[in-house]
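Heads up, the thing below is written out as structure tokens.
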Ligand SMILES: Cc1ncc(COP(=O)(O)O)c(C=O)c1O
């Protein structure tokens, strides 16, 4: 049973990444030392991950982690890999993991690339495949790491506005007179909206851009989407990226992968082998292989998350929230009468963390990760109390 406790704001702030940044140097020393920085570093605007506070008593619905634990088989395999063999480097080619992912997705091992979380896989894809003469296209509202990679590698990009209902419109990604992309990337389901583009529409984008690579970031696809990996054999320009962090509850292990034509995979391998030969350690390799083998645990846990998502959407709808349809392990909501920053602060005071982005078009939304039923009930009660209403929830959390 998750308990919600009131926590002083200062205690919560202690876990914020912004505070960690200053390390042991004072502001003056930092300014002086920055003369050693390269021009690239001076120009960087790094990604800021969601807060990872050090307190256990929080209802943590801010970084889209899975509320249930990883597969017990994965944990056993990790324990078994913890021994004398840690003296030795891991397999640089991650052959066992590639073989097991290939079998799972009906592909060959040379169509699989693995990396240290899908963030690393995506970073390599920007450098290896997307960075061409023309700008990279991605939605105006999407995973905020994409512009960061462009900044890191000095790649030009153009943002393509989502439709008014926050969906991706496939036709906006087709080349036209005077409009050409160097590469395309989008998350599907998209983040932080949770909205899904259907597989035929994804195929329309891939088929309509045969001369450039289209990367489909499927971090959340297991919570309600159909993966584009079934198109990989038909389209040499498609790269599908997935992760063990969300639906396999292994965010702490850092395992991500890409599926695509062997030539695309070879490009990623070239970058990887010019950067870090061993991105996945022995524990990660062992745990990931075992996780893929535990289909029962995977299916049961993702079904539970999806069921909780639907119930939470009903409950929040009854409190007056607009809830965007979600195929992910989070929902994106706004209240017509309450400011999102105010709501996030009120929840925070009640030891509940959700994510609020101060960004154009979405500053009135909150992204709420689907937790356990208990966590969601605490969230709904806190919101009900704050909104000062008493509402019946047909089919939702009481
Ligand atoms: C859309 C999207 N892609 C990729 C990632 C990266 O996931 P990881 O590096 O944990 O695999 C995230 C993380 O939240 C995400 O939201």
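Rule-based calculations on the coordinates, nothing more; no lab input. This is a predicted model, so every value here is computed, not measured. Virtual Cβ from ideal backbone geometry, glycine too; neighbours counted across all protein chains shown.
From the square roots a ≥ b ≥ c of the eigenvalues of the alpha-carbon gyration tensor of segment 223-292, which class results: rounded (a/c under 1.5), prolate (a/b over b/c), or oblate?
On the way: a/c = 2.54, a/b = 1.13, b/c = 2.25.
It is oblate, given that a/c is not under 1.5 and a/b is not larger than b/c.
The spread of Cα positions in the chain, taken along each principal axis and listed from longest to shortest, comes to 61, 58, 55 Å. Over the chain, DSSP H runs of length four or greater, each weighted -39,500 (n - 2.57), average out per residue to a 222 nm ellipticity of -10000 deg cm²/dmol.
Calculated on C-alpha atoms, the gyration radius of segment 72-293 divided by its Kirkwood radius gives an Rg/Rh of 0.97. GNM remark for the chain: springs join alpha carbons under 10 Å apart, and the peak mean-square fluctuation among 280, 366, 152 falls on 152. In segment 240-284, Cα pairs under 8 Å separated by at least six residues give a relative contact order of 34 percent.
Shown here is the pair-distance distribution of segment 145-254: with all Cα-Cα distances grouped in 5 Å bins from zero up to the longest one, the shares run 2, 11, 20, 24, 21, 15, 5, 1, 0, 0 percent. Segment 193-261 and segment 67-123 have Cα centres spaced 18 Å apart.
Working from Cα pairs under 8 Å separated by at least six residues, relative contact order for the chain is 22 percent. Highest GNM mean-square fluctuation among 230, 309, 248, for the chain modelled with Cα contacts below 10 Å: 230. For the pair residue 103 and residue 293, label points projected 7 Å from Cα toward Cβ lie 0.8 nm apart.
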